[in-house]
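Presented below is the structure to which this report refers.
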Amino acid sequence: MFKSTDRKVFHDDKELAQVTKHSPVKYPYRLNFYDRPPLYDVTVEEFETCALDRLRILAEIESSAARNRSWEELKTVTNKQCTNHLPLQTTGTQELLESQRRKDHLGHFVLRLAFCRSEDLRRRFIKAESTLFRIRYDGDNTEERQLFLNSRDFNWIPVDAAEKSKYRRELLASYSGSKNESVREQAFDTERYYKVKWTRVPDLVEKRKVFLKAGWAYVPGKEQSSIVFQEFEVHLAKALELTARSLPRLDEDSRLVPILDNLSQGFLAGVPSEWSGSGEAINGDEIKAEMVDDLAKRHFPLCMRSMHDNLRRDHHLKHFGRLNYGLFLKVLGLSIEEAVVFWRKSFDRITDDKFNKEYKYNIRHSYGLEGKRANYAAKSCQQLLTSGPSDHGCPYRHFSLENLQTALLSTYSSRGLTSADLPEIVATVKAGHYHVACTRVFEMTHSSFGVKKGEGTGGGESITHPNQYAAKSMELYKVQQDSAEKMLVE
Amino acid sequence: MAVKEAVDTSPEVMLAFYRRLYPFKSLFNWLNHEHAPTRRFTHREFAFTLQGDVYLRYNSFNTAEELKKQVCQLNPTRFEIGPVYSARPKDKKTVRPGMFTPLQRELVFDIDMTDYDPVRTCCSGADICRRCWAFISAAVQVLHTSIREQFGYENLLWVYSGRRGIHLWISDKEAMELTDDQRKALVSWMTVIHGGQESSKKLNVRLNARSLPASLQTAVEHLATIFPEVVLSDQNLFASEDGYEALLEQIPDSQVVTSLRKTWSANPSRSSEDKWLDLKAQAKKFEKGSSQRTNLTAAMEDIILHYTYPRIDAEVSKHRNHLLKAPFCVHPKTGRVCVPVDPLHIDEFNPESVPTVGQLLKELDTAGRSEGEVGEHHSDWEKTSLKPYVDILDKHALRLMEQVRLEKREQDVSW
Ligand SMILES: [Zn+2]
């Protein structure tokens, strides 16, 4: 859709760009407060990939709250995802580190453009970004972190020894630590204290972890990170509001607007994974028309499964249903020849003539064999979610709660789903986390393959595409079959 | 309990009150901090409750006169004050949704007698007497000191809610600008007894070792001085079996509990004061510095906090866009005016001596007859017993206006 022509996206201050290009180290620290926008040329392609990769991470962080992950689980999942999509190493060649940090920097700023446009998006973006920052801060080694902290003015006032001893009793009373009093006191005596306005550490105030005097919070060194995190959030909030105000200028660039629109949708359904139809079956075996019934029962997500069931019940499917389900099957690995067979058999109440005239062309068209000869991709969850209430969209969003529960039970009770599982799904749907609900159903119905709660399709990844769901399900099945086979043979 | 007089808050009475007595100018000065209208007034939400419980939100006005005109036209049973928005609330429908957000708002607190029902024996529900008012009075003293000393805010206005509670409005610039998250943190800092908590549940206020946080240490030292009179003598809370069982549940030492229960069930006539002394005596049996004694002393401090520490309605304080009844409104059930109260003399305040709207109008008639004048009334409250209360608000508003003036002068000089 976008040509990869070189163009400036951000401000074109040539001189500054020159200077920054020549300075030896552009990103001295792994952590970044993102004070300066990227002042260099980027291609539209780079603009989009950097943002998408980062969005993947942020969307996963956001869904973690809905999936009730602990801080430790969240850290593991996020670090794993970062390794895959947005690595940010501590050690390595300077060239490598610079390129990783550049990507981190660029991706952050592109997403600012996408997420500054409404109060709700800003709030969610700040939350996800600051969580990512926290995870990285936690993972930084002490020395590296200290260097980063020294590089910024956090505006905290060191409390001198005289003041510390003046308020010794008060400070000690809020100083957490060992249950052993003398151990705690010893730690306290070597602790450094910093003063900041209390509004900068609301989390510490909330838990009464600081001493407050006339609006000043006395923060012990070990709680210093609270100041840093709060600063990060406040800083980002202000920056986003500024960006929002200057955005109309950017809106004139017609090539960027659709990308930004697409990105901000990513929070609703996770980042759409592109499941390009290679025409080859994912698991090596060719899929035949007569296999679809069986595959649907075992491996399809609710959206595709209900379309399949509708097709069987009505011997027909309306236009958008045909389109969505057809593309899904194509990407699943159904060849054009098999697709024609599948649809012909499914529409068994019409004549050959009618089928050839009205339907065959469209099937071939969707395989890129007619008309524009475009290679159409299957619809992602995001596209299904936003397609409006219908029988070809996302059932988690578009079905009534009652119908959804009935559908879940009738579809998946043979795969281990019970009515005891429904309240959790319903609650997640009510909170608007449709892809999380779908991911949970995947986990529940694949527990016999060893899939645990929170694992998703592996490493905690959520469902963002019907083909991702089906492919993973088929993969799990195949692994199990193979190992069963091995046991028989050996 | 006093015999209830017939309370007249009919529409005619209310209209006369708004036209002749309500101090709109004082209210304007207090909300606006300056003589000329600023956004603090013009972008402020007012909400009206009309006869028959019709509720009108998102009203806003350019001047005190405009507000008065509208109030007299609608003749509400009461009206509430909300935040200062980024646009005029009356234009809400025409501005872009993202452009209508609350920016500033006084930090407010609401303390209501109903939250004290588990710890008062004199009245219940909507009723209130001087004896249980002592709880409110203790809460005011603790909050007033804590807010000033810990958070450094200085501009506190306390307002009697007209029936059984009290409101606090904090107008310092920094307090006005607090975000919802910061308000939530502050409320949590201040909260010890959570709403809906069972009366017997142990407090969870000690961070690590056995010491109280400094802020609560100061509070408990003050509350310990009023505890004997309010809880032991006036309310006699531990006299009944239910009462002393609730007390025993808060004592961590099971041997002490068993021994006290034995004594108390054998002597039903022992007063609350006797029982508190019994508990003290038990603690003293242990050596100074021993863990049993420290634990019991800590439990006694927690008990004092439990029965007398301010019970705050957290929801009111947490959100900038929460509406709160304006000072000088009339409580429809009691007819009493919601008057400002001097926190330094809060223990002398008697809710039953607060003027009712009927009484004030009578005073006005008497004054009018003796002076023989008729006509437009602007500050007729001067002739009534409402005057000292309006004076409190005026003095408070004047201080706010003075602060803004000094601040502005400083900015002028610092160019
Ligand atoms: Zn009472």
Using the basic label-point model (7 angstrom from Cα toward the beta carbon), what is the B:THR63 to B:ARG399 distance in nanometres?
3.0
Within the range B:1-78, DSSP-loop trypsin sites (Lys or Arg not before Pro) with at most 11 other C-beta atoms within 10 Å are B:LYS4
Among the aspartates and glutamates, select those whose C-alpha is under 18 Å from the C-alpha of B:LYS262, and discard any that sit fewer than 8 residues away in the same chain.
B:GLU241, B:ASP242, B:GLU245, B:GLU249, B:ASP253, B:GLU273, B:ASP274, B:ASP278
Quick one: angle between helix B:214-227 and the longest Cα principal axis of chain B, in degrees between 0 and 90, rounded to 10, please.
80
The lysines whose Cα lies under 19 Å from the Cα of A:LYS75, excluding any fewer than 8 residues away in the same chain, are A:LYS127, A:LYS452, A:LYS453
If you average the alpha carbon positions of the range A:148-223 and of the range A:417-490, how far apart do those two centres end up, in angstrom?
47
Ordering A:LYS209, B:LYS285 from largest to smallest accessible area (1.4 angstrom probe), what's the sequence?
B:LYS285, A:LYS209
Using alpha-carbon coordinates, inclination of helix A:434-445 to the longest axis of chain A, degrees:
70
Place +1 on the Cβ of every Lys and Arg and -1 on the Cβ of every Asp and Glu in the protein assembly as shown, take the dipole about the Cα centre, and give the residue among B:LEU398, A:VAL340, B:LEU277 whose Cα lies farthest towards its positive end.
A:VAL340
Estimated inter-spin distance, A:SER225 and B:GLU12, nm [label 7 Å along Cα→Cβ]
7.1
Based solely on its DSSP helices, what 222 nm [θ] is calculated for chain A when runs of n ≥ 4 H residues each add -39,500 (n - 2.57) and the sum is averaged over all residues, nearest 500 deg cm²/dmol?
-18000 deg cm²/dmol
With the Cα gyration tensor of the range B:194-308 giving a ≥ b ≥ c as the square roots of its eigenvalues, does the rule (a/c under 1.5 for rounded; else a/b larger than b/c for prolate; else oblate) give rounded, prolate or oblate?
oblate
To the nearest 10 Å², what's A:LEU323's accessible area with a 1.4 Å probe?
60
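What pairs from B:LYS92/B:LYS184; A:LYS207/B:LYS408; A:LYS197/B:LYS93; B:LYS69/B:LYS325; B:LYS68/B:LYS383; A:LYS166/B:LYS288 go past 30 Å between their alpha carbons?
A:LYS207/B:LYS408; A:LYS197/B:LYS93
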Formal net charge of residues neighbouring B:LEU406 (Cβ-Cβ distance under 15 Å; K, R +1; D, E -1):
-2
Projecting each Cα onto the charge dipole of chain A (Lys/Arg +1, Asp/Glu -1 at the beta carbon, about the Cα centre), which of A:VAL44, A:ASN32, A:SER178 comes out farthest on the positive side?
A:SER178
Name the longest site-free stretch of chain B, where the excluded sites are GluC sites (Glu not before Pro) in a DSSP loop with no more than 16 other beta-carbon atoms within 10 Å.
B:35-153
Calculate for chain B the 222 nm mean residue ellipticity that helices alone would give, adding -39,500 (n - 2.57) per DSSP H run of length 4 or more and normalising by residue count, nearest 500 deg cm²/dmol.
-13500 deg cm²/dmol
Which FRET efficiency value, to the nearest 0.05, do you get for B:SER269 and A:ASP189 by plugging their Cβ-Cβ distance into 1/(1 + (r/R0)^6) with R0 = 51 Å?
0.45
So how do A:308-320, A:156-168, A:189-201 stack up, highest first, on mean other-Cβ count within 10 Å?
A:189-201, A:308-320, A:156-168
Using alpha carbons only, how many angstrom separate the centre of the range B:64-139 from the centre of the range B:208-240?
30
Student exercise, chain A dipole from Lys, Arg, Asp, Glu Cβ charges, in Debye to nearest 20
1040
PRE reach from A:PHE449 (point 7 Å along Cα→Cβ): which of the range A:299-318 fall under 17 Å by backbone N?
A:299-305
Against the longest principal axis of chain A, how steep is helix A:94-115, in degrees 0 to 90 to the nearest 10, with axes from Cα atoms?
80
Length released on extending from A:GLN480 to A:THR76, taking residue separation times 0.36 nm less the Cα-Cα span:
142.8 nm
B:LYS362: which aspartates and glutamates have alpha carbons under 20 Å from its alpha carbon, excluding same-chain residues fewer than 8 sequence positions away?
B:GLU5, B:ASP8, B:GLU12, B:GLU352, B:GLU371, B:GLU373, B:GLU376, B:ASP380, B:GLU382
Only four residue types carry charge here, +1 at the Cβ of Lys and Arg and -1 at the Cβ of Asp and Glu. Report the dipole size of the range B:251-369 about the Cα centre in Debye, rounded to the nearest 20.
340
Dipole magnitude of the protein assembly as shown, debye to nearest 20 (Cβ charges: Lys/Arg +1, Asp/Glu -1, about Cα centre)
740
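The values are calculated or read from the model by the stated rules, or taken from the named source; none is laboratory data. As the structure is a prediction and not an experimental result, all values here were calculated from the model. With ideal geometry, Cβ positions are generated from the backbone for all residues, glycine too; neighbour counts draw on all protein chains shown. Note: accessible area is taken over every heavy atom of the protein model, side chains too, but ligands, DNA and RNA are not part of it. Shrake-Rupley method; radii C 1.70, N 1.55, O 1.52, S 1.80 Å.
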